[in-house]
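Engineer: Could you have a look at this structure, given as structure tokens, before my questions?
The values are calculated or read from the model by the stated rules, or taken from the named source; none is laboratory data. For clarity, every value in this text was computed on a predicted model and none was experimentally measured. Here the Cβ is made from the backbone with ideal geometry for all residues, glycine too, and neighbour counts use every protein chain on show. Accessible surface is based on the protein model in full, side chains and every heavy atom, while ligands, DNA and RNA are left aside. Shrake-Rupley method; radii C 1.70, N 1.55, O 1.52, S 1.80 Å.
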Amino acid sequence: MSVTAVLHSEWIKIRSVRASFGSLLAVLAASLAVTVLVYATVGRAEADNGGDPVFEAFYAINFAQIAVIAFGATAVSSEYTGGALRISLAAVPHRGLFYGAKTAVVAAAALVTGLATAFATFFAGQAFLGERAIGLGEPGALRACVGAGLYLALMALFAAGLTFLLRSAVAVLSLLIPFILIVSFVVGDIAEGAAAWLPDRAGQQVLYQDPVGGPGPWAGLAVTALWAAAALLAGLRAVHRRDA
């Protein structure tokens, strides 16, 4: 099969599996819902508290990252349900091509959705702030919108690589969701310097107008990219070494 045909087949898989496509839609839907709810109720009060206006505009990314992790995990775990991987490898015997196409489609879908989510939530939130609203001309705002989309795509790839390694979306979600919601903050309380290099903490540096400490906005995304690359390399090795 040609590369184009393999990419198209992988997109059909994602679009036709309810769990993965539903998770992808939830990235945008959950972010908009949380943004509208928060900004319609306490938005102006938050704008008056003197905090980082850019970072606060992306509060909903905390929820979007959970949905995008679920997307990356379920997009891959569907291959391990009912022997689907055997059929996939029968159609595409070159495992490297299959793996590359799968991860490329996951990355592209997550990136497009992530960018749409970042810009949509930014403008939706600012619509409730009146004279307190900021625009893309605010220092760091455009960088944060683009960076948020990249961050979400990297987290989807991180989850996808781990799912190829562990062969289970449940296992990956059981590891990553508590890691992001609990472990990252516990590590931060114990050793703030070490926590700044975790994939979520490092990647979210790009959301701040003026990041304090840590690797910095783009360097932080690079750290998250290294975590994702490590997971993808481990997943590729598992696909090559294990039987379908």
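Engineer: Out of all the residues in region 180-200, which are over 21 Å from Phe122 (Cβ atoms), part of a helix (DSSP H, G or I) and at pLDDT 80 or above?
Structural biologist: Ile180, Leu181, Ile182, Pro199
Engineer: Let me ask another. So which residues in region 8-20 are open to solvent by 60 Å² or more (accessible area, probe 1.4 Å) and in contact with a Phe, Trp or Tyr (Cβ under 9 Å, 6 or more places away or on another chain), if there are any at all?
Structural biologist: Within region 8-20, Arg15 is the sole residue that qualifies.
Engineer: Can you tell me which residue is surrounded by the fewest Cβ atoms within 10 Å (Cβ to Cβ) among those in region 46-83 that are of a type in the set (Asp, Glu) and not in a helix (DSSP H, G or I)?
Structural biologist: Looking at the filtered set, the residue picked out is Asp48.
Engineer: Just checking, does region 151-167 include any residue being part of a helix (DSSP H, G or I), touching a residue at least 24 places away in the same chain (Cβ under 8 Å), β-branched (Val, Ile, Thr) and farther than 15 Å from Ala70 by Cα?
Structural biologist: no
Engineer: Going residue by residue through region 74-85, is there one that turns out to be aliphatic (A, V, I, L, M), at pLDDT below 95 and farther than 30 Å from Leu32 by Cα?
Structural biologist: Yes, region 74-85 contains a residue that is aliphatic (A, V, I, L, M), at pLDDT below 95 and farther than 30 Å from Leu32 by Cα.
Engineer: Okay, moving on. Mind listing just one residue for me: the one in region 84-117 that is basic (Lys, Arg) and open to solvent by 20 Å² or more (accessible area, probe 1.4 Å) and, of those, farthest from Leu150 (Cα to Cα)?
Structural biologist: Among them, the one singled out is Arg86.
Engineer: Restricting the search to region 120-150, which residues are on the phi > 0 side of the Ramachandran plot and either in a helix (DSSP H, G or I) or basic (Lys, Arg) (or both)?
Structural biologist: Within region 120-150, just Gly130 meets the criteria.
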